[in-house]
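S.K.: Below is one structure. I have some questions about it.
The values are calculated or read from the model by the stated rules, or taken from the named source; none is laboratory data. Given the structure is predicted, the values throughout are model-derived calculations rather than measurements. Cβ placement follows ideal geometry from the backbone for every residue including glycine, while neighbour counts extend to all protein chains displayed.
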Amino acid sequence: MRLSKIFTIVTFVLFILACLPLAWIINGEWAAYHSADEGLGSIQIAHLAMVAVERIATERGPANALIGAPAGGGDREKLRVARLASDRALQDLVTALSPSRSVYHRQALAAIRLARLRLSEARHDMDRAIADPAPTAAEIMAPIRRMFDVVPAVLEAVNALSFQASSVSPQLSNPLSGARLATELREYAGRLGSTLTPSLAERRPLTESEAKEVFILRGRIEQLRGTIRLRLNVPTTRPVQLQALSRMENQYFHDGLAQVDDILRSSRRSQPHAISPAGFTNAYVPTLHSIVELRDTMLSTAADEAAIQQRAAFRHLLAATALGVIALIAQLALFAYIRWLIAKPLLAASKLLSDIADGKLDTEFPPTLRKDEIGDVLRAIAILRRNNREKRVLEQERQRLIEELTEVSRIDFLTGIANRRAFTQAAHAEIAQARLTRESATLILFDIDHFKRVNDQHGHDAGDAVLIHVAAIVERACREGDLAGRYGGEEFVVLAGHGGASSGEALAERLRAAIEESPCSLPSGLQLAVTASFGVATLNEASSTLESLLQAADRALYAAKRQGRNRVVVAKN
């Protein structure tokens, strides 16, 4: 095996061995960053889900206020606004979960779709209860319970997203759980208010079953309250969370539940409470905002911690990537230095000796800085190689210029077909050959109709596009042995040498139809209809030269224009 191959293989193997641990480290940092990013995203989407729970629970307030009582436009408007808010919250959640990036997101998305279905059905029942002027307690509670059934589906989405975030960052479990518990607390507090709606709407005391349900809900609320306190009774709890907890205690558990207790005391005395459902809703619902504030505070804490972890993971990823790149660059630099210092001079000397033996003196090789006799020989060979290469480059450039000039003299620069000069030279030869062999030849001369109007209305770029478009059609339509060229301006010329006058006329008609049926796409995107007028002249005794054929075809062309354009006119003998 040659030394150059051995050096290349060794370099490649060492480079791969160095890349493997670096790739493993960077991949681990990337996985950590990706997990942190997903955790932060799940917290943000979980917040949307919690907001959706709140909006659905809030919607029950104005709906309950409308049951069993005449409602003004303001009450209806409150319900409409509340429903729009619920719909927007659910739609924001669906948008955030689509496309679903994980199994947790897919699970949450399925739960939200179920919640939207349940919400639609519950609203239908609620509207029927609102429309009833005197609904019974059962008729009031049925749609309210249907509204209750919407929330568990959304809470299922909250649980899935919270579990994903907690699985990525276990330290987020406490604030996330607290936020989830506050969401449930807000829901049960809303249910407590909704449970009182039938008795307030019918202006009667609570029934035994209603009172029992109220006490059950109160128990669940107290249980959630105690659990939230335990979650916040840790050293890492921030002051802002304790402040939010204190506001919840004062506003909901003191002011809000005091209103519920008033209704319970009236029921114990077998007396209806004087407040209406709308009045109770307007007084009770604002106290629930303190629960939402506590939820958002704990969720904000979790999001802040997740963002800190994400930024730290990103910094670690950048550091690992930078160190890996630096290590690889240093390794490549070391390999390059060794190759330049040891392997390259040896390989160059070996290559030069082989080329000299084979008679090759123009092989590429780096200049040498050696001061010994070998360096002198290498420099002498380099001079010979340079002189030889310069001579070859000059020769190639000369040949390229000759070919370029030849091509320029024959081809129309815009359309890419033969120009007038090239066509004329070739046509003279074809006509002379046709006269000698007594074969037929037909000349077709045509120009584009209203071409000046195209330039005036759409600009010269559009005119160029039309010329290129027509030239392409001519090239496709012409047969082998036909000559085609741009005769000048918008005029084109074709010399057909097969099949006689009828064949030439048929070719002209094909060209006319093809141009008419193929609109031109302008640079502006506009599709422009293009037509052309044709004059056809056939080689005969009266028209036996190219000049006479052109004159006859030109007369026929102008006859076509006079007859209305977009037609083929054959010159008369």
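S.K.: Across the stretch 267-284, what is the number of residues that are surrounded by 18 or more Cβ atoms within 10 Å (Cβ to Cβ) and either in contact with a Lys or Arg (Cβ under 9 Å, 6 or more places away or on another chain) or farther than 22 Å from residue 244 by Cβ (or both)? Quick ask: steps written out before the conclusion?
M.R.: Going residue by residue through the stretch 267-284, those that are surrounded by 18 or more Cβ atoms within 10 Å (Cβ to Cβ) are 267, 273, 275, 277-278, 280-281, 284.
Among the residues that remain, those that are also either in contact with a Lys or Arg (Cβ under 9 Å, 6 or more places away or on another chain) or farther than 22 Å from residue 244 by Cβ (or both) are: 267, 273, 275, 277-278, 280-281.
Qualifying residue count for the region: 7.
S.K.: Of all residues in the stretch 1-54, count the ones that are hydroxyl-bearing (Ser, Thr, Tyr) and touching a Phe, Trp or Tyr at 6+ places or on another chain (Cβ under 9 Å).
M.R.: Our first condition is that a residue be hydroxyl-bearing (Ser, Thr, Tyr); within the stretch 1-54, this holds for 4, 8, 11, 33, 35, 42.
Retained after the next criterion (residues that are touching a Phe, Trp or Tyr at 6+ places or on another chain (Cβ under 9 Å)): 11, 33, 42.
Residues meeting the conditions: 3.
S.K.: Let me ask you something else. Within the stretch 116-143, track down each residue that is without any contact (Cβ under 8 Å) to a residue 60 or more places away in the chain and in contact with a Leu (Cβ under 7 Å, 6 or more places away or on another chain).
M.R.: Result: 116, single match.
S.K.: Would you point out which residue out of 162, 167, 100 is within 20 Å of residue 55 (Cα to Cα) and at pLDDT below 80? Give the derivation first.
M.R.: Working: 167 fails: within 20 Å of residue 55 (Cα to Cα); 100 fails: within 20 Å of residue 55 (Cα to Cα).
Sole residue among the options that is within 20 Å of residue 55 (Cα to Cα) and at pLDDT below 80: 162.
S.K.: To continue, here is another question. Report yes if residue 560 is more than 23 Å from residue 476 (Cα to Cα) and of a type in the set (Gly, Ala, Ser), otherwise no.
M.R.: Working: more than 23 Å from residue 476 (Cα to Cα): yes; of a type in the set (Gly, Ala, Ser): yes.
Against the criterion (more than 23 Å from residue 476 (Cα to Cα) and of a type in the set (Gly, Ala, Ser)), residue 560 qualifies.
S.K.: Turning to a different aspect of this structure: Could you tell me which of the residues 224, 264, 232 is modelled with pLDDT under 90, under 15 Å from residue 295 (Cβ atoms) and of a type in the set (A, V, I, L, M)? Step through it out loud before you land on a result.
M.R.: Working: 224 fails: modelled with pLDDT under 90; 264 fails: under 15 Å from residue 295 (Cβ atoms).
Exactly one residue qualifies, and that residue is 232.
S.K.: Could you list, in sequence order, all residues of the stretch 519-557 that are surrounded by 13 or more Cβ atoms within 10 Å (Cβ to Cβ) and in a helix (DSSP H, G or I)?
M.R.: Residues satisfying the conditions are 546, 548, 549, 550, 551, 552, 553, 554, 555, 556, 557.
S.K.: Here is a follow-up. Any residue at all in the stretch 452-475 that's acidic (Asp, Glu) and outside any helix (DSSP H, G or I)? If you could, list the steps in order and put the result at the bottom.
M.R.: Within the stretch 452-475, the first condition is being acidic (Asp, Glu), and the residues that meet it are 456, 461, 464, 475.
This time we only want the ones that are outside any helix (DSSP H, G or I), so: none.
No: the stretch 452-475 contains no residue that is acidic (Asp, Glu) and outside any helix (DSSP H, G or I).
S.K.: Run down 116, 128, 146 and say which single residue is within 38 Å of the chain's Cα centre (by Cα) and of a type outside the set (Val, Ile, Thr).
M.R.: Working: 128 fails: within 38 Å of the chain's Cα centre (by Cα); 146 fails: within 38 Å of the chain's Cα centre (by Cα).
After ruling out the rest, the residue left standing is 116.
S.K.: Scan the stretch 452-489 for residues that are of a type in the set (Lys, Arg) and in contact with a Gly (Cβ under 8 Å, 6 or more places away or on another chain) and report the count. Full working, then the answer.
M.R.: Keep residues of the stretch 452-489 that are of a type in the set (Lys, Arg), which gives 452-453, 476, 479, 486.
From what is left, the residues that are in contact with a Gly (Cβ under 8 Å, 6 or more places away or on another chain) are none.
Matching residues across the stretch 452-489 total 0.
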